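Since the structure comes first, as structure tokens, the remarks are kept for the end.
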Amino acid sequence: MLKQQAFRPRIGTIYQIDKHQVHVLESGDLNATPVLVLHGCGSLAEEVLLPFAQSPFRMVAPDRPGYGFSSPLPLAERGPIGQSFWLERLIDAMDLHCVSIVAHSIGSAPALHLAARRPELVNGLLLISPCCRPVPPKPLPILRASVAPVVGSLIRQHVISRWAAFFLDRGLRSSSFPNTLPPQLSVLPAAHMVNPGAIETMANELRAFNKDMELLPKLPGNLPLHVLFGSEDRIVQPAWHIDGLRQKHPRPMIRLIEGVGHLPHHVMPAVARQMLSDLARERVQQSSKRQHLAGVA
């Protein structure tokens, strides 16, 4: 089991954006091209940055709203659409201009909405195990109980938070299956990740997910869209979400790794880094082609 008392959260830069606090970590080459990195449900910027620590790009990872040191959005804005506007404000506040986005799991949903709504802000997308299409509701008894009227706050405060290391370890092992838990994940700060606010945020964004993703428009056909999935993912179903992406984009580039679960960026980090480089290369090639055609015209 993880020992939560041994690890403290990594602290980066706090931005105040429209009265909301946003915590951002950065790694890689801070003078290079920026890449925005979005974590999944119940996680942190600290986690999703780990595979990209030595990246040749400037990796910019916020704690998404309600997680880590970032304050939550108003209740009506906690789904993927509301978070896409939050991303737009963050890009503007950090003066990032047009960025590539790497997103894991449900973090892919606001990235897709942003790319569909403001394509001029997004150079390309690398989606890792993306949860990006409406899904059948899951029982999730512990999460449902933790946000139930009256007893929910007691469960969040006195059960889940008290046993944060246990619940984090259980969640990480479930996400890693059928692979063993990557050792770098054992240093994540359990008490910082599994707390009453984060539990409530998880429930709220899951409630809003299906409705918001039903409203996702088609994506621009010239948007580089690269997707990394593990064939044995038990958290989201690869075939279901790949089919959904193909309905929204004419040419997504899909890589399915056999024998890997929901955390391919941790199990095979070199693959994730190579796919990010491939995404950047495709965007450069597109730009060169447009300049050539403009010169010919």
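Every number here is computed from the coordinates shown, using simple stated rules; none is lab data. Small disclaimer: the values here were computed from a predicted structure and weren't measured. Every residue, glycine as well, gets a Cβ built from its backbone with ideal geometry; the counts of neighbours run over all protein chains shown.
A few notes on this one:
- Amide H contacts of H20 (H built 1.01 Å from N, under 5 Å, at least 5 apart or other chain): none
- Its Kirkwood hydrodynamic radius, worked out from the mean inverse distance over all distinct Cα pairs, puts region 1-78 at 13.4 Å.
- Trypsin sites (Lys or Arg not before Pro) within region 231-279, DSSP loop, no more than 16 other Cβ atoms inside 10 Å: R234
- The calculated 222 nm mean residue ellipticity attributable to helices in the chain amounts to -12000 deg cm²/dmol, summing -39500 (n - 2.57) over DSSP H runs of n ≥ 4 and dividing by all residues.
- Cα long-axis angle, helix 269-296 against the chain (0 to 90 degrees, to the nearest 10): 30 degrees
- Table column - 3J(HN,Hα) (Hz), region 112-127, Karplus curve with 6.51, -1.76, 1.60, x for Gly and Pro: 5, 5, 5, 5, 6, 8, 10, x, 5, 8, 10, 6, x, 10, 10, 9
- Stokes-Einstein diffusion for region 184-297, with the hydrodynamic radius set to the Kirkwood value over Cα pairs and evaluated at 4 °C in a medium of 1.567 mPa s, equals 75 µm²/s.
- Counted charge near H104, where neighbours are those whose Cβ lies closer than 15 Å (Asp, Glu -1; Lys, Arg +1): -2
- Dipole check for the chain: with +1 at the C-beta of Lys and Arg, -1 at the C-beta of Asp and Glu, and the Cα centre as origin, the magnitude is about 360 Debye.
- Per residue Cα convex hull volume in Å³ - calculated over region 159-198: 57 Å³
- With the charge dipole of region 1-73 set up from +1 on Lys and Arg Cβ and -1 on Asp and Glu Cβ about the Cα centre, the Cα lying farthest toward the positive end among the listed residues S55, G68, A32 is that of G68.
- Of the residues C132, C41, C98, the one with the fewest other Cβ atoms within 10 Å heads the list, and the complete ranking is C98, C41, C132.
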